[in-house]
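Comments concern the structure below.
The values are calculated or read from the model by the stated rules, or taken from the named source; none is laboratory data. What you are looking at is a predicted structure, and each value in this text was computed from that prediction instead of being measured. Here Cβ is always computed from backbone atoms with ideal geometry, including for glycine, and neighbour counts include all displayed protein chains.
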């Protein structure tokens, strides 16, 4: 299947990494204020109520949901239920440089999941694009000195992010390669808000199940309510959840997960810029070079080869 990347779709796919970069910053800021799995459950509970006025009609037709429950259970687990829960857990034991570097492996996970489970072979230009984008990310993470990457050591949080990247790849592929009951005329007439609300229902159930296990078996510290927590909770529920997931679904549906995955590599770049802004530090030369490399990787991957 041929996917064309237009300027509009590129903008749509650029905004989720920006919002998710902010989500990573907020997640680190809330360490010590709320347990990680509880934060994920709180995030999607608030997102549910914010989405309800827009997507309630889907819940008024439960037969359409129940007949597709197997697909929705898996989709909710991989997306809403797991990805950010693992990220919030990871920031407790891993360093930002490790987390963002491992997240930048997303294009390779997308290509691997596509090949193994959806019989979508990786093209040579996709591998070239992956190499360019990863080079740009490495340049940012090393602050222009790639030799520092040799000092990286994997810890528990790194493994959690590695798992999260693999699960997100599966989630993205399931959006564009759903079962027959979600294709063509068989798909219910759900708009973006209705479909996202249904994902939040199923994924939120997983999130609260994990949060319950967290309190039952791990006995974390109690929640510390503050203005910082209220602001962070609202941001992760609205910006990093509703808006980002909506845009990601639209963008991936337009160009496919293999191309969309390369935009994930913008997340560590945006995170570096946000950190620089918060610290009143101007962007450095390697930010510019890294952006050029990541953009080149997207172009190389998405431009269809000429027919002969």
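For region 87-119, name all the residues that are modelled with pLDDT of 80 or more, crowded, with 19+ Cβ neighbours inside 10 Å and not in a helix (DSSP H, G or I).
Passing the criteria: only 91.
If I ask for residues that are surrounded by fewer than 18 Cβ atoms within 10 Å (Cβ to Cβ) and touching a helix residue (DSSP H, G or I) at 6+ places or on another chain (Cβ under 7 Å), which ones from region 5-17 would you list?
14
Determine, yes or no, whether residue 138 is within 21 Å of residue 18 (Cβ to Cβ), surrounded by 14 or more Cβ atoms within 10 Å (Cβ to Cβ) and free of Cβ contacts under 8 Å to residues at least 40 places away in the same chain. Break it down into steps so the answer makes sense when it comes.
On the way: within 21 Å of residue 18 (Cβ to Cβ): yes; surrounded by 14 or more Cβ atoms within 10 Å (Cβ to Cβ): yes; free of Cβ contacts under 8 Å to residues at least 40 places away in the same chain: yes.
Considered against the rule, which asks whether it is within 21 Å of residue 18 (Cβ to Cβ), surrounded by 14 or more Cβ atoms within 10 Å (Cβ to Cβ) and free of Cβ contacts under 8 Å to residues at least 40 places away in the same chain, residue 138 comes out as yes.
Given (1) assigned to a helix (DSSP H, G or I); (2) in contact (Cβ under 8 Å) with a residue 24 or more places away in the chain, identify the lone condition not met by residue 221.
(1)
Residue under question is residue 200, and the condition is that it be modelled with pLDDT of 90 or more, assigned to a helix (DSSP H, G or I) and touching a helix residue (DSSP H, G or I) at 6+ places or on another chain (Cβ under 9 Å); does it hold?
On the way: modelled with pLDDT of 90 or more: yes; assigned to a helix (DSSP H, G or I): yes; touching a helix residue (DSSP H, G or I) at 6+ places or on another chain (Cβ under 9 Å): yes.
When the stated conditions are applied, residue 200 passes them.
From the set of residues in region 160-197 that are free of Cβ contacts under 8 Å to residues at least 60 places away in the same chain and touching a helix residue (DSSP H, G or I) at 6+ places or on another chain (Cβ under 7 Å), which is nearest to residue 83 (Cα to Cα)?
Start the filter on region 160-197 by keeping residues that are free of Cβ contacts under 8 Å to residues at least 60 places away in the same chain, which leaves 166, 177, 180, 183-187, 189, 192.
Now narrow it down to the ones that are touching a helix residue (DSSP H, G or I) at 6+ places or on another chain (Cβ under 7 Å): 166, 177, 180, 186, 192.
Working: 166: 9, 177: 19, 180: 26, 186: 29, 192: 20 Å.
Applying the filter and picking the extreme gives 166.
Hand me the list of helices (runs of 4 or more DSSP H) wholly inside region 1-75 holding 3 or more residues that are under 16 Å from the mean Cα position of the chain (by Cα). Before the answer, list the steps.
On the way: elements: 7-29, 36-59, 62-66.
Correct list: 7-29, 36-59.
I'd like to check something: does region 224-237 contain any residue that is surrounded by fewer than 24 Cβ atoms within 10 Å (Cβ to Cβ), within 15 Å of residue 6 (Cα to Cα) and at pLDDT 90 or above?
Checked against the condition, which is being surrounded by fewer than 24 Cβ atoms within 10 Å (Cβ to Cβ), within 15 Å of residue 6 (Cα to Cα) and at pLDDT 90 or above, region 224-237 yields no hits at all.
I'd like to know if region 180-195 contains one or more residues that are within 23 Å of the chain's Cα centre (by Cα) and in a loop (DSSP other than H, G, I, E, B). Step through it out loud before you land on a result.
So in region 180-195, the residues within 23 Å of the chain's Cα centre (by Cα) come out as 182, 190-195.
The next check asks that each one be in a loop (DSSP other than H, G, I, E, B); those that pass are 190-191.
Scanning region 180-195 turns up at least one residue that is within 23 Å of the chain's Cα centre (by Cα) and in a loop (DSSP other than H, G, I, E, B).
Residue 205 - would you say it is in contact with a helix residue (DSSP H, G or I) (Cβ under 6 Å, 6 or more places away or on another chain), more than 12 Å from residue 38 (Cα to Cα) and assigned to a helix (DSSP H, G or I)?
Details: in contact with a helix residue (DSSP H, G or I) (Cβ under 6 Å, 6 or more places away or on another chain): no; more than 12 Å from residue 38 (Cα to Cα): yes; assigned to a helix (DSSP H, G or I): yes.
So residue 205 does not fit the description; no.
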